[in-house]
Each structure stands twice: as structure tokens, then as C-alpha cells.
Amino acid sequence: MGTGKTTVGRAVAHRIGFKCVDSDHEIERRAGRPIATIFAREGEPAFRELEKWFVDEGHAPERLVVACGGGLVVQPGMLARLGTKGVVVCLHASIETILARTARHTKTRARALYAERESTYKSAGTVILTDSRPLAEIAAHVIRVWRREAAEFAGRRETAGS
């Protein structure tokens, strides 16, 4: 929600030669309808099930940058689930920055979502602040984190596979 996930994800993917997907866009593509319609017709639980599908099998397993929807990581067990798939980096911004960047939610709703999700976001892997920073600087920071943590992730996968 306004932290720059998709924009930064695309920039990072381009720089490292990976593809980038946005979980919300992929869910909309699979469902054949917008997220707002899924929420209105089927409810939030149906949408959260589609998020689980996406994390478990809705994308390529390697050489991919994934921009997750803002509510994905706050669902019980999802952060741990993401951690089994790869390096998790959380982009964070102040509520003022988010309000300036997005008109998708009312200010009251955006503030409520921010308050509800902030503690989870701050515990979601490495947190990178995006306030008042140029895209190139944020992308470079994400790449540094990815390079450092990808080796650790690969080691954990090898150990688990042995």
C-alpha cells in the first residue's frame, strides 16, 4: 500500500536479470476479475486463499522478484511461508508518504490498515525505508540485502534437503 513494492520490484528485477510479478496482478489474472470484485462477491477469506495459492504455486520458483500485496504478509503463517520461498525484504514508508502516494483508500482506511499492519511489516525480513529516497537508491539497497541473504537462504535449503 504505497511503499513502492511493484515499482521497486521491477527496478530490482531489471538490474539483476530476473522477472518481476505482482501477487495482486497475478491473482486478478488467475481469477479473471479485479480484487475489489473478489472482495465484494466472495469476501476477504476467498481472496486470502488465492494469496496462499499464489505463494505456494502461483509463480516460478526461481529467478523471480515478487511484489506481494500489502495484506499478504499479515495473514497467519504467511510470513513463514514466504520465508521458505526466498529472501523476504519489506519496504516501509511513513503513513504521510503512503497517503501522498496512493488515493486507492480513503485516508481513514489507509491509516487503519497502516496501524493494523505496521508491526508485522517491521518483523518481515529486512525492512527498507522508502521515504524521500530515489528509486535507484532503494533498488540498490534491496539488491545488497538480496545478495547477502540469498547465500544464507541457499544454505538453509541445502541443509533442509540433506
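The values are calculated or read from the model by the stated rules, or taken from the named source; none is laboratory data. Just so we're clear, the structure is a prediction, and the values are computed from it rather than from any experiment. No Cβ is skipped: glycine too gets one built from the backbone with ideal geometry, and neighbour counts run over all protein chains shown. SASA here: full protein model, heavy atoms, side chains in, ligands and nucleic acids out. Shrake-Rupley method; radii C 1.70, N 1.55, O 1.52, S 1.80 Å.
Here are the numbers for this structure:
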item: First in region 51-79 and closer than 17 Å to H25 by Cβ and open to solvent by 20 Å² or more (accessible area, probe 1.4 Å), second anywhere and polar (S, T, N, Q) and at pLDDT 95 or above, Cβ under 6 Å, 6 or more apart; result: C68/S23
item: Qualifying positions in region 25-50 - of a type in the set (D, E) and either open to solvent by less than 40 Å² (accessible area, probe 1.4 Å) or within 27 Å of A154 (Cα to Cα) (or both); result: E26
item: Lone qualifier among L99, L72, L135, L82 - being farther than 28 Å from L50 by Cα and in contact with a helix residue (DSSP H, G or I) (Cβ under 7 Å, 6 or more places away or on another chain); result: L135
item: Output for region 80-126, where each listed residue is open to solvent by 60 Å² or more (accessible area, probe 1.4 Å), farther than 30 Å from A60 by Cα and in a helix (DSSP H, G or I); result: E96, A100, K107, T108, R109, R111, A115, E116
item: Condition broken by A46, with the remaining ones in (1) touching a residue at least 60 places away in the same chain (Cβ under 8 Å); (2) part of a helix (DSSP H, G or I) satisfied; result: (1)
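To keep it simple, each residue is scored yes or no on (1) in contact with a Lys or Arg (Cβ under 6 Å, 6 or more places away or on another chain); (2) of a type outside the set (F, W, Y); (3) modelled with pLDDT of 90 or more; (4) closer than 23 Å to P134 by Cβ.
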{"position": "G9", "(1), (2), (3), (4)": "no, yes, yes, yes"}
{"position": "D22", "(1), (2), (3), (4)": "no, yes, yes, yes"}
{"position": "I38", "(1), (2), (3), (4)": "no, yes, yes, no"}
{"position": "E51", "(1), (2), (3), (4)": "no, yes, yes, no"}
{"position": "V74", "(1), (2), (3), (4)": "yes, yes, no, no"}
{"position": "K85", "(1), (2), (3), (4)": "no, yes, yes, no"}
{"position": "L91", "(1), (2), (3), (4)": "yes, yes, yes, yes"}
